[in-house]
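The values are calculated or read from the model by the stated rules, or taken from the named source; none is laboratory data. The shown structure was predicted, so the numbers you read here are calculated from the model rather than taken from an experiment. Glycine also receives a Cβ, built like all others from the backbone with ideal geometry; neighbour counts cover every protein chain displayed. Side chains included, ligands, DNA and RNA excluded: accessible areas come from the protein's heavy atoms. Shrake-Rupley method; radii C 1.70, N 1.55, O 1.52, S 1.80 Å.
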Amino acid sequence: MKKLLSVLLLGTMTLSTIYAQKNLPAGMRVEVAEAETDHGEYSIFTYQDSEDVGTFGYYLSLGRITDFLGADEILGMEVKNLHEVTIRLGATTNEALATIEAILELYDKDLGTTVEFPGRAATSGFRLGDPVTASCTVVRKPIGGKRLQFIFPEGKRQGRAYLSKSTLKELMTNFKFDIKLHPKQHRK
């Protein structure tokens, strides 16, 4: 009886999640892949601005958590500051995967190679704000190897986020898994 009740509960939760994502309200993010490192939180999510079908898209979140002036050491409490910019990957899964592949190809480019990506700033409440352009440069890791440095406008100053190849590959793997797991929720 417990097993039957658990299966029914799990099935109901899955169906309600599918229904909620198919009827996604405007201004709501739905995470489809996530990765967390010591340097920040990264995700791929879907977002729709309004009821208009043309505003749906897949985005790569370059969120970065940083200590606020080392306050956790000084005050003995944890104070974090979240800076985030998103890169538009495309309106379909095929476009999103192609953009991720193009970003992965940057790791094979020479140091100093710079590319610009259209994106959106994140606002409070995890909504997307105005369009921004994020400048992506291939830079050297402190220990060796390469990573991507994204510089983006953040108010009157610039925000910075770093993305390693392993983190991007993890996101892509998780994204592909979500596409296979929930094919009806994704737009080909």
>> Keeping every protein chain present and rolling a 1.4 Å probe, give me the accessible area per residue for the range 132-187 in Å².
In response: 58 Å²
> Where does the charge balance sit around A33 when Lys and Arg score +1, Asp and Glu -1, over other residues with C-beta under 9 Å from its C-beta?
Replying inline: -3
> Just how many pairs of Lys in the range 127-172 have C-alpha atoms closer than 21 Å, counting pairs that are eight or more places apart or on different chains?
Replying inline: 4
> If we sort 88-95, 55-62, 134-141 on the protection proxy, mean other Cβ atoms within 10 Å, highest first, what's the order?
Replying inline: 55-62, 88-95, 134-141
> Which of rounded, prolate, oblate describes the range 93-188, given a ≥ b ≥ c as roots of the alpha-carbon gyration tensor eigenvalues and a/c under 1.5 marking rounded, otherwise prolate only if a/b is larger than b/c?
Replying inline: oblate
> Under unit Cβ charges (Lys, Arg +1; Asp, Glu -1), what dipole magnitude, rounded to 20 debye, does the range 81-188 have relative to its Cα centre?
Replying inline: 200 debye
>> To check my understanding: the extent here is largest minus smallest coordinate of the Cα atoms along each principal axis. What are those three numbers for the range 132-187, in Å, largest first?
In response: 40, 32, 11
> Relative to the Cα centre, what is the charge dipole magnitude of the range 132-187, using +1 at the beta carbon of each Lys and Arg, -1 at the beta carbon of each Asp and Glu, and rounding to the nearest 20 debye?
Replying inline: 140 debye
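Tell me, what % of the accessible area of the range 132-187 is carbon and sulfur with a 1.4 angstrom probe?
About 53 percent, which is the carbon plus sulfur part of the accessible surface.
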